Amino acid sequence: MWFSVILSTTNYRASRARIQEGRKILVAETRTLSFEQAVSATVVADVQISPDGSQVAYVTTAASKEVELPSMAIWLVDADGGTPRRLTTSDAADNSPRWSPDGSRIAFLSDRKDRGKTQVYVMSLSGGEAVRLTDAKGPVTAIQWSPDGTKLGFTAMGEEEEAEKKRKEERNDHKIIDDKPMRAGLYVIDVPADASTLASGDLPEAKRLSPEDLHVGVMGGRGFDWAPDSNGFAAVVMPDPKAHYGFAPDLVTFDLNGEMKSLGNFEGLLATPEFSPDGSTIGFMGCEDTTPSFFALRTIPATGGESKVMVPGAEVSFGGLQWLPDGGQVVTTIEQGERRTLGVVDPEEKSFKPYFDGPDTPGTTTNFSLSEDGSVAAFTHADATSYGDVYVAKAGGKARKLTDLNPWLREIDLGEIREISWQAPDGQTIQGLLILPVGYEEGTRYPTLLHIHGGPCGAWTVNPFAGWHDWGQFMAQRGYAVLMPNPRGSSGRGSEFLCAIRACYGEADWPDLISGIDYLIEQGISDPDQLVVGGWSGGGFLTNWTVTHTDRFKAAVSGAGIANWVSFQGTADVRSVFDGYLGRVDEDPDTHWRLSPIRYIQNATTPTLILYGEADDRVPPSQGFEMYEGLKSRGVETQLVLYPREPHGLQERKHMLDLLERVVNWYDRHLGRA
């Protein structure tokens, strides 16, 4: 390999000169994707098919919020196709549409009465205005109809006490950490057959089922499911909403009197549990073993007992589930390598297969729901030229696209995305994606961005790669090749691959990344003197690891990356998660220190841009300060940028625009391309 690299690099200097000469012409002629277009794109937030499979309700919003509170709209489209029509017309956040079992009404959440404080509304599909059903003290976070159509279950956050508000107003506002955390409670209401008869203020009485000292919910999901007989719930509970508890919550059942029964504590229970149609079994997503063997599917008897893995040893990652009516199989998303699609899992056979044939293009499928008989699914699918559109598919049939939300993206010149693989130094096959520069010419070497995904239990799956934290197409339009590896620790290849970085995060997966760069150099694609690196979250950590372990890269961008595992475990909101990766810091500080990039800061020479949300609890900005001060102490060029109000993922449009401009300029300037 080394000899072939020496031979192939003899001609790259001339090709690099051609790139420099033609770069201005290329950019001028390329139909360029602007940062503003990308962060303003329309995205699908939810998809719900009607019980009879004839219509699909979906939610649209913008990829970023321009003002403090976002706007969201609910739309309807026929499953056979046609022009979508907007169901809600307010400027508020109308979201979470849920069909009544008979398909005549839709319940949804909206903050139209009091912005930032969502309540439950119901609307008849035969016409009329939406009617508010709740006046919860805090925002309602999730809803679901009872199977008999007479009730709604919902979760709602508590409200800050008046005494606390007064203390803040009087500036007597000391804080006691973890004192009186805001929790979501589980409630149930009766829904009138004709909600329009409710007088103003005459709302159904909400009955709380969950204890005051427990939070009901999962990270990014509903967190509860009605029993098929409408007489109770399966739910996920934890002491408070902090992610520390959210990665290992308890699975419980409630009856309508509020009596709770625990079924056990399960690591990785990150999606809504679902009753089987006969109510005998609960299916849920959890760890196959322990952290980080995430994204397995499990079952447990609804009355309690032994939990079993549906497909042990599957070399894929599953995401959520819905039972088919016969109760023998579940539908789920299946991530395999760099693609995610809809599939059917058979727990009895311990096998899985595709739900439908297609879509024709590789991509990423999310947000699915099934008709009552399970014969039709609605879902969101993104591919290389789509941020995500609404599709339907009959079981075993072809997928049909129902929306075209960002048609302008097809008019942009995008870099070709290739699925590639290479051998790590120990022989392990590593997969990933390569975005070729716009105007790519075979035999020409290009500057290359090593773009590292977060997680670490995430993966790059095919989509446009044009957002605030996935920069691939922006760089491809500027003449860069972009390598997006899925190293050990990534999802999509099963539990063993996920767990391969236990107690060696950084040590085991970093060679996977670097060998990918070596492969592109050997293939004559990458210029070894024009390499840059970057990523967000877990990608930020591996960027920090990279700049403290090699001088091959001319510039780096580290977003929300860990610098010091010892201090991180004392300040982040996910300590229990990384106990699973690295062990307990109080029992094994040596492992944490060995795997901390800051320990090797004396090796750093790469100019590094460091980016953080100032309100990030997941990877606190203190980690960025450690890296920033460490680099400065060694005389390495660095800059630390904090974005006020922002959590772990940026949300505000102007911040996203600033970040993208900084990233591109940082790389271009340090490669002499600015």
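The values are calculated or read from the model by the stated rules, or taken from the named source; none is laboratory data. Please read all numbers here as calculations on a predicted model, not as lab measurements. Cβ sites come from the backbone with ideal geometry, for glycine too, and all protein chains shown count toward neighbours.
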In this structure, does G415 turn out to be more than 24 Å from W75 (Cα to Cα) and either within 25 Å of the chain's Cα centre (by Cα) or without any contact (Cβ under 8 Å) to a residue 40 or more places away in the chain (or both)? yes
As an exercise: evaluate V557 against (1) within 26 Å of E661 (Cβ to Cβ); (2) part of a loop (DSSP other than H, G, I, E, B); (3) under 22 Å from the mean Cα position of the chain (by Cα) and give the number of the one condition it does not meet. (2)
Considering F284, F266, which residue is under 21 Å from the mean Cα position of the chain (by Cα) and crowded, with 24+ Cβ neighbours inside 10 Å? F284
Taking the condition over 19 Å from the mean Cα position of the chain (by Cα), aliphatic (A, V, I, L, M) and surrounded by fewer than 20 Cβ atoms within 10 Å (Cβ to Cβ), does L251 pass? no
Of residues in segment 100-147 being assigned to a strand (DSSP E or B) and of a type in the set (S, T, N, Q), the one surrounded by the most Cβ atoms within 10 Å (Cβ to Cβ): S110
List every residue pair whose Cβ atoms sit under 7 Å apart, with the two residues 6 or more apart in sequence or on different chains, where the first one lies in segment 588-599 and is closer than 15 Å to T550 by Cα and the second, anywhere, is among the charged types (D, E, K, R) and assigned to a helix (DSSP H, G or I). I598/E626
Residue count, segment 46-86, condition at pLDDT 95 or above and outside any loop (DSSP other than H, G, I, E, B), comes to 21
Among L125, L87, L109, which is the only one that is within 20 Å of M157 (Cα to Cα) and aliphatic (A, V, I, L, M)? L109
Could you tell me whether any residue of segment 585-607 is in contact with a Pro (Cβ under 9 Å, 6 or more places away or on another chain), at pLDDT 95 or above and surrounded by fewer than 20 Cβ atoms within 10 Å (Cβ to Cβ)? no
Collect the residues in segment 112-145 that are under 30 Å from the mean Cα position of the chain (by Cα) and of a type in the set (S, T, N, Q), keeping them in residue-number order. T118, Q119, T134, T141, Q144
Which of (1) free of Cβ contacts under 8 Å to residues at least 60 places away in the same chain; (2) surrounded by fewer than 24 Cβ atoms within 10 Å (Cβ to Cβ); (3) assigned to a helix (DSSP H, G or I); (4) touching a Pro at 6+ places or on another chain (Cβ under 8 Å) is the odd one out, the single condition S567 does not satisfy? (4)
Only one of T429, T461 that is under 25 Å from L611 (Cα atoms) and in contact with a strand residue (DSSP E or B) (Cβ under 8 Å, 6 or more places away or on another chain): T461
Test each condition in (1) in contact with a strand residue (DSSP E or B) (Cβ under 6 Å, 6 or more places away or on another chain); (2) small (G, A, S); (3) on the phi > 0 side of the Ramachandran plot for G258 and report the one that comes out false. (1)
Name, by its number, the condition in (1) within 27 Å of the chain's Cα centre (by Cα); (2) of a type outside the set (S, T, N, Q); (3) more than 21 Å from F578 (Cβ to Cβ) that does not hold for P228. (1)
Within the group E170, E205, which residue is in contact (Cβ under 8 Å) with a residue 12 or more places away in the chain and either surrounded by 22 or more Cβ atoms within 10 Å (Cβ to Cβ) or not aromatic (F, W, Y) (or both)? E205
When you scan segment 1-18, do you find a residue that is modelled with pLDDT of 50 or more, among the hydrophobic types (A, V, I, L, M, F, W, C) and either within 26 Å of the chain's Cα centre (by Cα) or part of a loop (DSSP other than H, G, I, E, B) (or both), even just one? no
Among the strands (runs of 3 or more DSSP E) lying completely within segment 420-524, list those that include at least 3 residues that are touching a residue at least 24 places away in the same chain (Cβ under 8 Å), in contact with a Leu (Cβ under 7 Å, 6 or more places away or on another chain) and surrounded by 20 or more Cβ atoms within 10 Å (Cβ to Cβ). 446-452, 481-486
With respect to K180, determine if the residue is in a helix (DSSP H, G or I), surrounded by 10 or more Cβ atoms within 10 Å (Cβ to Cβ) and either touching a helix residue (DSSP H, G or I) at 6+ places or on another chain (Cβ under 8 Å) or modelled with pLDDT under 90 (or both). no
Picking from G479, G494, G506, the residue that is over 25 Å from Y643 (Cβ atoms), in contact with a Lys or Arg (Cβ under 7 Å, 6 or more places away or on another chain) and small (G, A, S) would be G479
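For every residue, the table says whether it meets (1) in contact with a helix residue (DSSP H, G or I) (Cβ under 9 Å, 6 or more places away or on another chain); (2) under 23 Å from D178 (Cα atoms); (3) of a type outside the set (F, W, Y); (4) outside any loop (DSSP other than H, G, I, E, B).
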residue	(1), (2), (3), (4)
D240	no, yes, yes, no
T253	no, no, yes, yes
T272	no, no, yes, no
I282	no, no, yes, yes
Could you check, for segment 625-632, whether at least one of its residues is surrounded by fewer than 21 Cβ atoms within 10 Å (Cβ to Cβ), within 21 Å of W468 (Cβ to Cβ) and of a type in the set (K, R)? no
Counting only residues that are closer than 19 Å to R112 by Cβ, surrounded by 20 or more Cβ atoms within 10 Å (Cβ to Cβ) and hydrophobic (A, V, I, L, M, F, W, C), which one in segment 43-70 is farthest from the chain's Cα centre (by Cα)? A57
